[in-house]
Amino acid sequence: MTLVCPYLLDTGMFQGCRIRKEIEPFLPPLKADYCIKQAMRAILTDQPMICTPRVMYMVNFMKSILPFEAIVCMYRFLGADKCMYPFIAQRKEAMNNNEAKNGI
C-alpha cells in the first residue's frame, strides 16, 4: 500500500484553488502527468509514501516535531488556510450565472 500526497494539481477539478500569490512562483500547481508518474513509480517499488513535490516531505516532517499552533501558523503563512476561497467564489458565481440563465 502506498500513500500518495500530492500538492495542488493543475486540473479542472480544483481550477481556481490558489495559495498565497507571493509563494505561488515557488510552488506552482503540479501537472497531472508528473504526479501520476511519481505515484506509479512509488506504487511499483512498494514505497510506503510519496509526496510531490519533494519539499512536501519537509512539511510532513515539521508536522511531526512542531506543536499544532506552529503548524497552523505555517499553513496560514503559505495561504493554505484560504486556498479554496477563490475556488468557492468561482463555483458560486458559476451557479448564480446558471440560475440566472435558467430563470430560477
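The values are calculated or read from the model by the stated rules, or taken from the named source; none is laboratory data. This one's a predicted model, so the numbers in the text were calculated from it and none came from an experiment. As a convention, Cβ positions derive from the backbone with ideal geometry for all residues, glycine included, and neighbour counts pool all protein chains shown. Accessible surface is based on the protein model in full, side chains and every heavy atom, while ligands, DNA and RNA are left aside. Shrake-Rupley method; radii C 1.70, N 1.55, O 1.52, S 1.80 Å.
In this structure, the amide hydrogen of Thr52, modeled 1.01 Å from its nitrogen in the peptide plane, lies closer than 5 angstrom to those of Cys5, Tyr7, counting only residues at least 5 positions away or on a different chain.
Rounded to the nearest 0.05, what FRET efficiency do Met62 and Ala89 give with R0 = 30 Å and r taken as the Cβ-Cβ distance? Could you check? In this case the efficiency is close to 0.50.
Rounded to the nearest 500, the helix-only mean residue ellipticity at 222 nm of the chain stands at -16000 deg cm²/dmol, with each DSSP H run of n ≥ 4 adding -39,500 (n - 2.57).
Normalising the Debye intensity of the chain to I(0), with uniform scatterers on Cα atoms only, and taking log10 at q = 0.20 Å⁻¹ returns -1.10.
Using C-alpha pairs below 8 Å separated by at least 6 residues, the relative contact order for the chain is 39 percent. Taking every protein chain into account, the accessible area of the chain amounts to 76 square angstrom per residue (probe 1.4 Å).
Principal axis extents of the C-alpha atoms in segment 1-50 (largest first, rounded to whole Å): 36, 20, 14. Surface calculation, 1.4 Å probe, protein heavy atoms: Val72 sits at approximately 40 Å² accessible.
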